[in-house]
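Visitor: Pasting in a structure now, in structure tokens, and then I'll have a few things to ask.
The values are calculated or read from the model by the stated rules, or taken from the named source; none is laboratory data. All of these numbers come straight from a predicted model, not from anything done at the bench. Here the Cβ is made from the backbone with ideal geometry for all residues, glycine too, and neighbour counts use every protein chain on show. The area values use the complete protein model at the heavy-atom level, side chains included, leaving out ligands, DNA and RNA. Shrake-Rupley method; radii C 1.70, N 1.55, O 1.52, S 1.80 Å.
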Amino acid sequence: MSKLHQALRDIGAFSQLTMPNHAMRGYQLEAARPLAHHLLNRSGEQFAIAFSRQAGKDEMIAQVIAWVLLRNTERGGTIVVAAPTLRPQAMISRDRLRDRLLANPLSAPLTTVSDRTISVGKAKAIFVSAARTANARGLTADLGLIANEAQDIRPSIWDAVFDPMAASTNATTIFMGTVWTRDTLLARQMRYLREKQHVSGSQRLFLVPWQRVAQDVPAYGARVQS
């Protein structure tokens with residue numbers, strides 16, 4: 001099997017081959033591989049991700065999105081990525097994805113950027129604000145729906161505006177962020193998914209504490225301990 005073929009089959013090989021300066025570490029791939037699989041196959045499942053601070057959660061999801069868009073170049077589809085604010089949060093995520101796609105020899109010729117939207121062929125990612133004053137209604141997320149920094153998105157806003165985006169397509173939904181209190185959207189979904197995980201035996205939560213990061217990045221562990 002050629003390296004190119006392997007990169008299109010496995011996101012780990014994709015990261016190593018096409019993004020060597022940002023190749024994902026082991027703990028990132030533990031979440032990236034199943035998430036990429038479920039997004040690609042449009043499984044309709046939900047997942048929650050909570051990494052230790054500055055451990056590469058946003059890099060991981062950017063590469064997952066890049067891979068899924070590239071795999072859907074001909075088929076098309078939309079990933080909606082919601083953040084608590086458009087600027088800076090959603091735009092930072094957009095810019096990271098843009099930079100990875102344009103630096104990638106596989107995706108660069110197919111990539112176009114327009115305001116909040118990044119397209120790879122017929123597939124696209126749209127970055128939106130989940131603030132109370134934002135107007136994000138009417139979008140359809142058929143490839144996937146992602147809540148980034150979900151601990152800062154109001155549950156009522158998510159339920160009314162964003163969850164319906166995945167309803168008609170049963171799109172895979174991913175909640176990402178940092179655990180703060182029991183009342184956040186992220187904490188609510190983590191409780192729900194922990195129960196589903198217990199019943200089904202299928203992993204729905206990807207929790208990466210600093211000790212796991214330190215196994216791959218000793219300097220990170222030394223910094224936390226100091």
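Visitor: Run the accessible area of the chain with a 1.4 Å probe and give the carbon-and-sulfur part as a rounded percent. Mind showing how you got there, number by number?
Guide: On the way: 5280 of 10880 Å².
Carbon with sulfur: 49 percent of the solvent-accessible area.
Visitor: In addition: Only Lys, Arg, Asp and Glu count, each charged at its Cβ (+1, +1, -1, -1), so figure out the dipole size of region 80-164 about its Cα centre, rounded to 20 debye. Mind dumping the intermediate values first?
Guide: On the way: 11 positive and 8 negative charges, 45 e Å.
So the magnitude is around 220 debye.
Visitor: For Thr85 and Val113, FRET efficiency with R0 = 25 Å and r from the beta-carbon atoms, rounded to 0.05?
Guide: 0.80
Visitor: For every helix of n ≥ 4 consecutive DSSP H residues, a contribution of -39,500 (n - 2.57) applies; sum these over the chain, divide by its total residues, and give [θ] at 222 nm rounded to the nearest 500 deg cm²/dmol.
Guide: Values: 9 runs with 93 residues, N = 226.
Using -39500 (n - 2.57) per qualifying helix, the result is -12000 deg cm²/dmol.
Visitor: Roughly what would the spin-label model give for Glu30 and Ala160, points 7 Å off Cα along C-beta, in nm?
Guide: So the label points at Glu30 and Ala160 sit 3.9 nm apart.
Visitor: What ratio of Cα Rg to 2.2 N^0.38 Å holds for region 73-175?
Guide: That ratio works out to 1.05.
Visitor: Two-decimal Rg/Rh of region 167-207 from alpha-carbon positions, Kirkwood Rh?
Guide: With Rg and the Kirkwood Rh in hand, the quotient comes to 0.99.
Visitor: How big is D for region 1-116, in µm² s⁻¹ as a whole number, if Stokes-Einstein is applied with the Kirkwood radius of its Cα pairs at 25 °C and 0.890 mPa s? Before the final figure, lay out each step's value.
Guide: Details: Rh = 14.7 Å.
Rounded, D is 166 µm²/s.
Visitor: Ranked highest first by the average count of other Cβ atoms within 10 Å around their residues, in what order do 191-202, 140-151, 26-37, 211-222 fall?
Guide: 140-151, 26-37, 211-222, 191-202
Visitor: Suppose each label sits 7 Å from its Cα in the direction of the beta carbon; what would the Ala13-Thr73 distance come out to in nanometres?
Guide: Inter-label distance under the simple model: 1.6 nm.
Visitor: Please get the size of the charge dipole for region 50-95, origin at its Cα centre, with Cβ charges of +1 on Lys and Arg and -1 on Asp and Glu, quoted in debye to the nearest 20.
Guide: It comes to approximately 80 debye.
Visitor: When a/c reaches 1.5 or more, the comparison of a/b and b/c decides; with that in mind, is the chain rounded, prolate or oblate per its Cα gyration tensor?
Guide: rounded
Visitor: Give, rounded to the nearest 20 debye, the magnitude of the charge dipole that region 1-127 has about its Cα centre when Lys and Arg contribute +1 at Cβ and Asp and Glu contribute -1 at Cβ.
Guide: 120
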